[in-house]
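Chemist: Structure provided below as structure tokens; questions to follow.
Where a number appears in this text, it was derived from the coordinates with a stated rule and is not lab data. Predicted, not measured: the structure shown is a model, and the values here were computed from it. Here the Cβ positions follow ideal geometry from the backbone for every residue, glycine too, while neighbour counts run over all protein chains shown.
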Amino acid sequence: MERVDRCVVLVDAGYLLGAAASLLAGEPARSRITVDHAALIQALRERAEADTEQPLLRIYWFDGAPDRVPQPEHRRLRVMSRVTVRLGALTRSDGRWAQKGVDAAMHAELTELARNRACSDVVLVTGDGDLLPGLMSAKEHGVAVHLWAVQAADGDYNQSEDLVAEADERRVLDRAWITQAVRVKELSTMYAPAAAPRPEIAAILSAPLPESALAASAERAAEAQAAAARNGTAQPPAAVGNGTAVGPAPGTAVKGVPTPKDLAGLRGPGAQATSPHAPHATLRWSSDKGWVERPGSTLGESPETASLPTLAQLTSAEQRWADREEDITTVGGDPYEVGQVFARRWMERLPETSHVQKLSTMYPRIPHRIDGELLRYAARFGLLAHKDDQIDEHDRYAIRAGFWREIDVRAAAERAPVGE
């Protein structure tokens with residue numbers, strides 16, 4: 001089989017971006033930098049073709065992701081021309097994230113390319129010595145191996161010396177080259193209060209609780225305090241949302257929102273005195289922190305909610321295909337953006353504009369069927385994956401805030417007098 005004269009680039013994203021963060025921000029955390037992936041891919045292509053003097057076949061981007069679910073950056077990368085994304089697992093151990101399977105995938109790809117004579121030159125952007133056997137195998141098959149390093153922050157090597165010794169050519173990507181596509185995040189952006197980067201999210205988070213909810217919370221905490229006193233483990237009282245002092249149970253925090261279990265047991269005289277509908281109280285839809293009291297069965301929906309169609313009901317097969325195409329090629333996956341896109345599609349396909357006004361009066365509560373559909377849509381972008389071993393609630397609030405912003409803009413436009 002005749003070897004094809006062209007080059008392939010294999011990028012260990014963990015090494016490239018981690019080393020870039022160390023160089024520019026002083027620590028290897030990728031959260032410290034922002035990356036223009038389109039500019040980075042273009043720079044890699046131009047540099048590879050110049051160094052190898054061969055046309056590019058493909059860039060392979062190897063990275064880790066929780067449960068191997070593509071993150072927004074992976075979605076952007078994998079639809080770019082001549083880019084193939086390979087994902088390993090991203091696991092958490094001893095409080096730190098670690099990639100699993102990335103080195104093995106790079107080794108397998110490198111070996112297969114060389115064995116099949118798919119290219120004449122391979123560019124490796126990595127520092128891991130585990131790739132040494134694959135590098136040596138590629139050389140034995142007649143492939144020239146070019147090893148690229150990121151300029152080290154401390155002036156020393158950040159690559160395996162064995163890799164450096166075995167490579168046919170070695171180049172260093174210096175600070176000037178890196179800053180074509182990578183920037184340090186502003187500290188004011190990184191350390192902004194997580195709960196309210198936008199007013200809409202703050203509004204959702206601070207949805208008021210009715211007096212009956214606070215009474216239930218106080219009653220529950222008082223019972224826990226009494227039990228703790230009997231056991232000799234009483235603790236000082238703590239203030240809750242309305243200023244009432246109640247004491248938490250040992251090792252737990254007072255919650256201002258009753259749980260479904262609390263509500264199911266809310267039958268006492270005190271609760272009924274506070275709210276005539278307390279036996280039928282239900283949590284609000286997960287769009288906000290509050291709860292509502294609804295007479296009658298808790299399983300049915302109100303006529304207002306039931307009359308609102310879901311996006312699936314409004315979408316034709318052709319539109320579904322077009323939506324998927326847009327999701328893959330143009331929607332980046334930012335939580336706020338995802339909420340906006342979903343709301344925009346829903347409003348554009350409504351048969352009656354009155355539905356928008358009806359929904360806007362329910363703020364910040366999104367009807368359950370639509371809310372669930374919104375979160376399932378967001379899950380396509382990996383936004384609801386586990387982070388730090390917990391579901392990232394702030395992403396959920398940001399998704400809904402984006403949804404509400406689009407609804408609010410449309411509703412305001414429809415209310416405005418003609419000619420304004």
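Chemist: Could you sort 403-410, 16-23, 351-358 so that the peptide with the highest average Cβ count within 10 Å comes first and the rest follow in order?
Modeler: Working: 403-410: 20.0, 16-23: 23.2, 351-358: 13.5.
Ranking, from highest mean packing down: 16-23, 403-410, 351-358.
Chemist: Compare the peptides 340-350, 172-182 by average per-residue count of other Cβ atoms within 10 angstrom and give them in order, highest first.
Modeler: Packing order, densest peptide first, comes out as 340-350, 172-182.
Chemist: Can you list residues from other chains, or at least 5 along the same chain, whose modelled amide H is less than 5 Å from the amide H of residue 171?
Modeler: Sorted by chain and number, the residues that satisfy this are 147, 148, 149.
Chemist: Additional query: Got a sec? How would 397, 15, 377 order by Cβ neighbour count within 10 Å, fewest to most?
Modeler: Listed from fewest to most nearby Cβ atoms, that is 377, 15, 397.
Chemist: Now for a different question. Once amide H atoms are placed 1.01 Å from N in the peptide plane, what residues at a sequence separation of 5 or more from residue 65, or on another chain, have their amide H within under 5 Å of its amide H?
Modeler: Counting only residues 5 or more places away or on other chains, the set is 88, 89, 90.
Chemist: Using 0.36 nm per residue, how much length does the chain from residue 408 to residue 355 gain when fully extended, once their Cα-Cα distance is taken away?
Modeler: So the chain would gain 17.8 nm between residue 408 and residue 355.
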